[in-house]
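What follows is one structure encoded as structure tokens, with my remarks underneath.
The values are calculated or read from the model by the stated rules, or taken from the named source; none is laboratory data. As the structure is a computational prediction, the values presented were derived from the model and not from experiment. Because the Cβ atoms are built from the backbone with ideal geometry, glycine has one as well, and the counts that use them run over all protein chains shown. Note: areas computed on protein heavy atoms with side chains; ligands, DNA, RNA excluded. Shrake-Rupley method; radii C 1.70, N 1.55, O 1.52, S 1.80 Å.
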Amino acid sequence: MHEPLDPMLAIRGGRPACPEGPPPWPPHDEAVAAALRAAAEDGSWGQYHGPHGPRLAAALAEKFAVEFVLPCCSGTFAVQLALRALGVGSGDEVVLAGYDFPGNFRAIEAVGATPVLVDIAADSWNLDVQQLASVTGDKIKAVLASHLHGGLVAMPALMMLARERNWLVVEDACQAPGARIGERPAGSWGDAGVLSFGGSKLLSAGRGGAVLCHQAEVFQRAKIFCEQGNHAFPLSELQALVVNPQLESLPARHERRLQAVTRLLAGLGEVPGLRPLSGLPEDWSPAYYKLGFEYRGESLGDCPREEFVRSVQAEGIALDTGFRGFLHRGSRRCRRGTPLQIAARAAERAVLLHHPALLAEPDVLDRIAAGLKKVCTALAS
């Protein structure tokens, strides 16, 4: 039973709303532990070519409704590998949201291409396909679309536009395993999709990733690039064996996170200073690696975002700022396909709740909502 909420902010000496702190990640998972024990017994964890990698690739292909899967060393590298497999290279341009994971910008540069920046949607802060339609350039070969912060890119519209323009699409689903866009899984829409198994991700192996694709020639080009005497950028058998049971539990955890977000947002209500990101059709099912909010400091006495985040963290809640975006990247490294007004806003205002809390018990979720309201109310007064 929790003690009554202390109205004094923890950062000012009060009792934290969540004194136990954020839940750990990854949590104890008996299915993962059993897989590790079995692999320790049969030695498969340390093999070059054991059973776990092929099993994972087959399971991912079925789960994401694609023909081919190539596991690799990280989601960050998987983006670069997907671009290479689609034939993107020197002299090409790749469209990217002006607010995105910084590794995606670097992946485009790594293959010799130039990023073309486009603004994001005002409600969800994901790539805005309507603005993308206004982007022009004979050198554009591909679009790199990331599903971020509980949002989803409008992939049906994006794929229609890409086919009209003869553009290829890399779909970054590193934050969105389990999400669905209409009847199809996020990650299965693009010419290539990308997953991450990094240590904080919804499917975690500490490190690792995968490229998903529908066409044999794309898969073959990815394999050829990785083959440098052996697979030079592999996902190990040890990593694959811990992802397999998590993939089986993903649907149940996905539904639990959806219910948790609904409960949290209901508990928050119309709290000053925070606007939940939104804007998805009812038949889409987002995944929540991060639950995104727009921070509105003008409603909280112009409190700086960083001070707000520190205040929330002192309450035992895992809230952080978002990406810095690409507003300050120079013209020698990229070009702007559209003005980046919303991307600038996101870079300045994004705050993100880390996903482990979304598997917590209802009373903990209520405590998190109360802790967020406590900080907002105190700063607004």
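Just a few scattered comments:
- Subset of the range 224-253 [among the charged types (D, E, K, R), open to solvent by 90 Å² or more (accessible area, probe 1.4 Å) and in a helix (DSSP H, G or I)]: Glu248
- Note on the range 285-381: enclosed helices (runs of 4 or more DSSP H) holding 3 or more residues that are of a type in the set (D, E, K, R) and farther than 23 Å from Pro7 by Cα are 341-349.
- Contact map, the range 164-191: residues that are surrounded by fewer than 24 Cβ atoms within 10 Å (Cβ to Cβ) paired with residues that are modelled with pLDDT under 95, Cβ distance under 9 Å, separation 6+ or inter-chain. Pairs shown: Arg180/Asp283; Gly182/Pro281; Gly182/Asp283; Glu183/Asp283.
- Considering the conditions (1) assigned to a loop (DSSP other than H, G, I, E, B); (2) on the phi < 0 side of the Ramachandran plot; (3) open to solvent by less than 50 Å² (accessible area, probe 1.4 Å), Leu60 is excluded by exactly one of them, (1).
- Screening the candidates Pro19, Pro7, Pro26 for the property of being open to solvent by 40 Å² or more (accessible area, probe 1.4 Å), within 30 Å of Leu372 (Cβ to Cβ) and in contact with a Pro (Cβ under 9 Å, 6 or more places away or on another chain) yields one hit, Pro26.
- Conditions (1) closer than 27 Å to Arg184 by Cβ; (2) at pLDDT below 95; (3) over 20 Å from the mean Cα position of the chain (by Cα): number failed by Pro245: (2)
- Residue that is nearest to Arg345 (Cα to Cα), among those in the range 254-280 that are β-branched (Val, Ile, Thr) and surrounded by 14 or more Cβ atoms within 10 Å (Cβ to Cβ): Val271
- Val309 vs. criteria in contact with a Cys (Cβ under 7 Å, 6 or more places away or on another chain) and hydrophobic (A, V, I, L, M, F, W, C): no
- Where a residue in the range 1-29 is of a type in the set (Ser, Thr, Tyr) and its partner, wherever it lies, is modelled with pLDDT of 95 or more, with Cβ under 7 Å and at least six apart: none
- Once the range 323-381 is narrowed to residues that are in contact with an Asp or Glu (Cβ under 6 Å, 6 or more places away or on another chain) and open to solvent by 20 Å² or more (accessible area, probe 1.4 Å), the residue that is nearest to Leu202 (Cα to Cα) is Arg349.
- Evaluated against (1) under 26 Å from Gly178 (Cα atoms); (2) free of Cβ contacts under 8 Å to residues at least 60 places away in the same chain, Asp302 falls short on exactly one condition, (1).
- Residues of the range 30-50 that turn out to be in a loop (DSSP other than H, G, I, E, B) and either open to solvent by 90 Å² or more (accessible area, probe 1.4 Å) or in contact (Cβ under 8 Å) with a residue 40 or more places away in the chain (or both), as a count: 4
- The lone exception for Val143 - which of (1) closer than 28 Å to Pro245 by Cβ; (2) touching a residue at least 12 places away in the same chain (Cβ under 8 Å) it fails: (1)
- Residues that are touching a His at 6+ places or on another chain (Cβ under 8 Å) and more than 30 Å from Ser200 (Cα to Cα) within the range 297-322 are absent altogether.
- Among the conditions (1) part of a loop (DSSP other than H, G, I, E, B); (2) open to solvent by 10 Å² or more (accessible area, probe 1.4 Å); (3) small (Gly, Ala, Ser), the only one that Gly151 does not satisfy is (2).
- Qualifying residue in the range 141-163 (condition: over 11 Å from the mean Cα position of the chain (by Cα) and either among the polar types (S, T, N, Q) or modelled with pLDDT under 95 (or both)): no
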